[in-house]
Number of protein chains: 2
Amino acid sequence: MSVRRTSQREIILQELQKSRQHLTADQLFRVVRKKMPRISLATVYRNLELLSETGLIAKLEVSGRQRRFDSEVVGHDHVTCVQCHRVENVFLEGMKEDCPSHGVVDGYTIKGRRLEFFGLCPRCQKKNKVPKGDATMGCGCGCAKKMLTDEQKMVLQAMADFHGPCVAKDIAAATGLEAKLVTGKIADLKKQGFVDSPVRCKYGITADGRTAIKG
Amino acid sequence: MSVRRTSQREIILQELQKSRQHLTADQLFRVVRKKMPRISLATVYRNLELLSETGLIAKLEVSGRQRRFDSEVVGHDHVTCVQCHRVENVFLEGMKEDCPSHGVVDGYTIKGRRLEFFGLCPRCQKKNKVPKGDATMGCGCGCAKKMLTDEQKMVLQAMADFHGPCVAKDIAAATGLEAKLVTGKIADLKKQGFVDSPVRCKYGITADGRTAIKG
DNA sequence: ACCTAACTGATAACTATTACTAAATCAAGC
DNA sequence: GCTTGATTTAGTAATAGTTATCAGTTAGGT
């Protein structure tokens, strides 16, 4: 026998496909841990490696510190937002001829290529346009992470550890902070784009939020 | 005052430019240490960072574990050899129009792009063609590093620590191995492409060789 | 010559990933 | 269904590359 079907492996693949984002091992670990609290980070790494070997997912190696994984395997390229580090797919037309992924270049036998664009995602562009009087706002120079207070970070972290949307009371309980204080923090974080409210009175952490607290 | 001119900084820049390769911080550290034995690895990192901020050199972020630095800053792309991890420059014609480095893609404001090709360098292609009977040969699957014996590694390391070409006797002295044995090792390593002989009877480590012992 | 911000070497700390271990688990064959 | 053994797991240690810290040194303006 060779490759087995384990519940861990199944959930990892499933959650990566469900997210439709380019998650890092760490981000995926957090998501998967919601469904399987005792799973180990090492297991996530092992399975991502194995799944990418079998071709079920793609290992990205985009720029930045961490490796990312993609559930879409068909040929496409990527854009990285230089501010929030979000990575998205790009399908470019009429590129294949001029930017070949096979052939010979300078004596090298080309087996593949990688194309990555850098820029500002629509969300960050909008964020940067906000008048600078707002003290809780990111400064537009990519240092938003550093501007989070410890309490804001606590709130974000608690929200990240929740699976699905939660109310302010949940966060107050998880962080030990006063409920009124938490409500204020959430409002600030929402303005900064780190938190959104999918349902009225319920809140969830955004991809930006995750980026802001870790990686 | 802001940025000072220090001898460390000068040598780092000078050696990177002289090498005309895409060195890792570690590789450059070894080269620089020949001229300035007490320099610290942290200083190398610090200055590479600073030099790339001022635009004098380029920080690469090609795929692979280590970051590499390039003394050529003008727009060009890179090829990475999937076997020996050598990185070289590529200047593609007629690419600018179809593979733009500025503009708007899917709502992102593009500030730059990175294009990396993967393939086999001419040297590795040639290496792979050698009949497989040769036991000292790399297996062509990228695992050449693991096939080095401890003694071969010692020889390579000693050669790396030498600045410029050296004779077998130097290596024997540095490693403590018998001179006759060293001669044999050098011959093997030369066949594998880890050592070359710029001058008759003098030997030097190649980029492949450096890769083979570290990163 | 003096002063001080910028810099250095040495080393600890950190982050992302991989390796290792004993224990648990899947699935093939009875 | 039970046995069996290779695969996989959780937990943790180890590693590689890089960054941070810090006390002492130095460049370069005054």
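The values are calculated or read from the model by the stated rules, or taken from the named source; none is laboratory data. Since the structure is predicted, the reported quantities are computational estimates derived from the model, not experimental observations. Backbone-built Cβ (ideal geometry, glycine too); neighbour counts: all protein chains shown. Ligands, DNA and RNA are excluded from the accessible area calculation, which covers all protein heavy atoms including side chains. Shrake-Rupley method; radii C 1.70, N 1.55, O 1.52, S 1.80 Å.
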For this session: Please go through segment B:89-108 and pick out each residue that is facing chain A (nearest Cβ under 7 Å), at pLDDT 70 or above and either surrounded by 18 or more Cβ atoms within 10 Å (Cβ to Cβ) or more than 16 Å from A:LYS111 (Cα to Cα) (or both).
Result: B:ASP106, B:GLY107, B:TYR108
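Okay, residues lined up against (1) modelled with pLDDT of 85 or more; (2) under 19 Å from B:PHE118 (Cα atoms); (3) within 14 Å of DNA strand D (Cβ to nearest atom):
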site	(1), (2), (3)
A:VAL44	yes, no, yes
A:LEU56	yes, no, yes
A:LYS59	yes, yes, no
A:GLN66	yes, no, yes
A:CYS81	no, no, no
A:ILE110	no, yes, no
For this session: Run B:LYS34 past the list (1) farther than 16 Å from B:ARG67 by Cα; (2) within 15 Å of the chain's Cα centre (by Cα) and report the number of the one that doesn't hold.
Result: (2)
For this session: Kindly provide the set of residues from segment B:23-34 that are open to solvent by 40 Å² or more (accessible area, probe 1.4 Å) and without any contact (Cβ under 8 Å) to a residue 40 or more places away in the chain, ordered by number.
Result: B:ARG33
Seminar exercise, completed: Of the residues in segment A:7-17, those that are out of contact with any helix residue (DSSP H, G or I) (no Cβ under 7 Å at 6 or more places or on another chain) and within 9 Å of DNA strand C (Cβ to nearest atom) come to A:SER7
For this session: Look at A:GLN14 and say whether it is surrounded by 13 or more Cβ atoms within 10 Å (Cβ to Cβ) and more than 8 Å from DNA strand D (Cβ to nearest atom).
Result: yes
For this session: Look through B:ARG38, B:ARG4, B:ARG20 and report the one residue that is under 24 Å from B:GLN157 (Cβ atoms), within 14 Å of DNA strand C (Cβ to nearest atom) and open to solvent by 50 Å² or more (accessible area, probe 1.4 Å).
Result: B:ARG38
Problem set entry | Listing of strands (runs of 3 or more DSSP E) fully contained in segment A:1-95 that carry 1 or more residues being in the same structural domain as A:LEU115 (by TED's automatic domain parsing) | A:77-81, A:87-90
Problem set entry | When residues of segment A:60-77 are limited to those that are open to solvent by less than 70 Å² (accessible area, probe 1.4 Å) and away from DNA strand C (no atom under 14 Å from the Cβ), the one farthest from the other protein chains (Cβ to nearest Cβ) | A:SER71
For this session: Just name the residue that is surrounded by the fewest Cβ atoms within 10 Å (Cβ to Cβ) out of those in segment A:41-54 that are of a type in the set (Val, Ile, Thr) and under 24 Å from A:ILE205 (Cβ atoms).
Result: A:THR43
Exercise. Residue check: is B:ILE57 open to solvent by less than 20 Å² (accessible area, probe 1.4 Å) and within 10 Å of DNA strand C (Cβ to nearest atom)?
Worked result: no
